[in-house]
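Working notes for the structure below.
The values are calculated or read from the model by the stated rules, or taken from the named source; none is laboratory data. The model shown is predicted, which means the values in this text are computed figures rather than measured ones. Using ideal geometry, Cβ is built from the backbone for each residue, glycine included, and neighbour counts are taken over all protein chains shown. Calculation scope for accessible area: heavy atoms of the full protein, side chains included, ligands and nucleic acids excluded. Shrake-Rupley method; radii C 1.70, N 1.55, O 1.52, S 1.80 Å.
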Amino acid sequence: MSRLNQAFLALGSNIDPETHLPQAVESLAEYGKVQGKSSVWQSAPVGDPDQADFLNAAVLLETEHDATFLCEWVVPEIEKALKRVRDPQNKNGPRTIDLDLVLFNSEALRIAHRIIPDPEIVSRVFLAVPLAEIAPDYSVPGLNRTLADIALSLKEHAENQLLRRFEIQL
């Protein structure tokens with residue numbers, strides 16, 4: 001039996017997130033077993049402040065699929081099914097769902113436009129905190145820092161980015 005991959009995905013939404021985040025998790029479960037789900041965190045939008053706050057979460061998916069398949073097929077299919085619209089004039093605009101593969105096993109990868117581990121984990125509290133909830137002792141490749149350490153550091157210095165835990169079930 002082959003070893004299953006550990007895929008960490010970040011989820012965000014600011015258009016009907018109470019519906020779209022759980023639907024995204026349900027869709028991911030079609031490609032493996034959801035081994036961990038973070039709390040949902042509300043955060044201010046980045047890059048375009050004239051929109052609703054985002055709700056963010058993270059999921060650990062145990063899957064037989066490789067990172068390329070997840071990035072190039074699974075993520076776009078789920079975003080399409082949830083009617084994600086990309087505005088070429090505003091890449092930080094509102095969205096029904098934003099789904100990104102941010103960590104994969106303990107590997108450092110480049111897949112098309114994605115860099116894994118996602119370099120923004122160390123600067124975006126809304127990425128680090130949910131990830132640390134599901135895998136606090138995970139050591140980020142190339143950084144030799146755990147997710148818990150990164151999240152703690154960001155929470156101390158970036159409280160304006162992370163507003164509060166939001167009560168919805170994934």
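Kindly sort D118, D100 by accessible area of their heavy atoms, largest first, with the probe set to 1.4 Å.
On the way: D118 20, D100 40 Å².
Output order, biggest surface exposure first: D100, D118.
When the dipole is taken about the Cα centre of the range 8-78, and only Lys, Arg (+1) and Asp, Glu (-1) are charged at their Cβ, what size is it in debye, to the nearest 20?
Details: 2 positive and 12 negative charges, 52 e Å.
I would put it at about 240 debye.
Accessible area of the chain with a 1.4 Å probe: how many percent of it is carbon plus sulfur? Let's see the in-between values first.
Details: 4310 of 8750 Å².
The C+S portion of the solvent-accessible surface of the chain is 49 percent.
Given Cα pairs under 8 Å that are at least 6 residues apart, what percent is the relative contact order of the range 5-165?
Worked out over the range 5-165, it gives 29 percent.
Quick check: net charge around N105, other residues with Cβ under 13 Å of its Cβ, Lys/Arg +1 and Asp/Glu -1?
Details: positive: R3; negative: E62, E64, D66, E107.
Its environment carries a net charge of -3.
Over all alpha-carbon pairs in the range 1-64, figure out the percentage whose distance exceeds 17 Å. Show your work: numbers first, answer last.
Numbers: 902 of 2016 pairs.
Of all Cα-Cα pairs in the range 1-64, 45 percent lie more than 17 Å apart.
In debye to the nearest 20, how big a dipole does the range 5-165 give about its Cα centre with +1 on each Lys and Arg Cβ and -1 on each Asp and Glu Cβ? Could you put the intermediate results ahead of the total?
Working: 15 positive and 24 negative charges, 31 e Å.
In debye, rounded to 20, the range 5-165 gives about 160.
In the range 77-170, with Lys and Arg counted as +1 and Asp and Glu as -1 at Cβ, which of these residues, L99, V122, I168, has the Cα nearest the positive end of the dipole, that is, farthest along it?
L99
Where is the GNM fluctuation largest for the chain (alpha-carbon springs, 10 angstrom cutoff): L131, L143, L28?
Taking springs between Cα atoms under 10 Å, the residue moving most is L143.
Over the alpha-carbon set of the chain, divide Rg by the Kirkwood Rh and report the Rg/Rh ratio to two decimals. Write out the running numbers ahead of the final one.
Values: Rg = 14.9 Å, Rh = 16.0 Å.
Dividing the radius of gyration by the Kirkwood radius yields 0.93.
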